Amino acid sequence: MLLIVGLGNPGPKYANHRHNVGFMAVDEIHRHEGFPAWKAKFQALIAEGTIAGEKCMLVKPTTFMNESGRAVGEIARFYKLTPQDVVVLYDELDLAPAKVRIKTGGGAGGHNGIRSIDAHLGKDYRRVRIGIGHPGQKNLVTNHVLGDFSKADTAWRDPLLEEIGRNADMLVKGDDAGFMNRLALSTQSNEPSGARGQTSAKSAKQKSHIRQANKKSPAKNVPTSGPMADMLKKLFGNKD
């Protein structure tokens, strides 16, 4: 069995937080795959079904983010699962909005939910990191992560979540590269303008340097009279 875990905080107060995008992604898989209703068990909300011919359990820990590992660890022990049987979807500050990257193992990167799972399960599970972007300053991080997605964010978030649900079979089959490529291709038109703007600005800056380098150097002062002028005229001719 494969555990597909979404991270977030339970309750309506947190439902639209950027920190809850893992919950949102698993909800979309649940909807798209037609899984049965969620039920409370193992300190989590769980739903069991089949994706791409493999038995899967969708999991949303209800222990709050910082204790996510308690629920994941309990389920893994009960079903005698290894870290290789677990996939975790969660928010990533260090990825631009709408970008998704998958890796196995690694550090927690300051994410308390991942740190908790590492402690209860080990590190060798697959991590689906969903970019929410960085606010730019360290003192703004908490409000950014624990703040609601803006109306502008939904332009990329909703299509991305839909594609995660639609392509969950690739995730289950272990086709991580194909999964990431499919998401990238299908969400290109919804890429946040900020990310495109940074690229455009960089290109414009590079072009401006090229234009400056290609400008003709200003003509040096050339004498028009006197012995030096007469000598130059003899050498190069009088071009007046």
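Between residues in segment 146-173 that are assigned to a helix (DSSP H, G or I) and residues that are among the aromatic types (Phe, Trp, Tyr), which pairs lie under 8 Å by C-beta distance while being six or more apart or on different chains?
Arg157/Phe149; Met170/Phe179; Leu171/Phe179
What single numbered condition from (1) within 13 Å of Thr62 (Cβ to Cβ); (2) outside any loop (DSSP other than H, G, I, E, B) fails to hold for His30?
For His30, the exception is condition (1).
Could you please find all residues in segment 60-92 being part of a strand (DSSP E or B) and touching a Phe, Trp or Tyr at 6+ places or on another chain (Cβ under 8 Å)? Show your work before the answer.
Applying the first criterion (part of a strand (DSSP E or B)) to segment 60-92 yields 60-61, 86-92.
If the condition is that a residue be part of a strand (DSSP E or B) and touching a Phe, Trp or Tyr at 6+ places or on another chain (Cβ under 8 Å), then Lys60, Val86, Val87, Val88 are the ones that fit.
In segment 124-143, which residues are surrounded by fewer than 17 Cβ atoms within 10 Å (Cβ to Cβ), in contact (Cβ under 8 Å) with a residue 40 or more places away in the chain and closer than 12 Å to Leu93 by Cβ?
First, the residues of segment 124-143 that are surrounded by fewer than 17 Cβ atoms within 10 Å (Cβ to Cβ): 124, 135-143.
Remaining after also requiring in contact (Cβ under 8 Å) with a residue 40 or more places away in the chain: 124, 141.
Result: Val141, single match.
Coordinate-derived values only; no laboratory data. What you are looking at is a predicted structure, and each value in this text was computed from that prediction instead of being measured. FYI the Cβ positions are ideal-geometry reconstructions off the backbone, even for glycines, and counts take in every protein chain you see.
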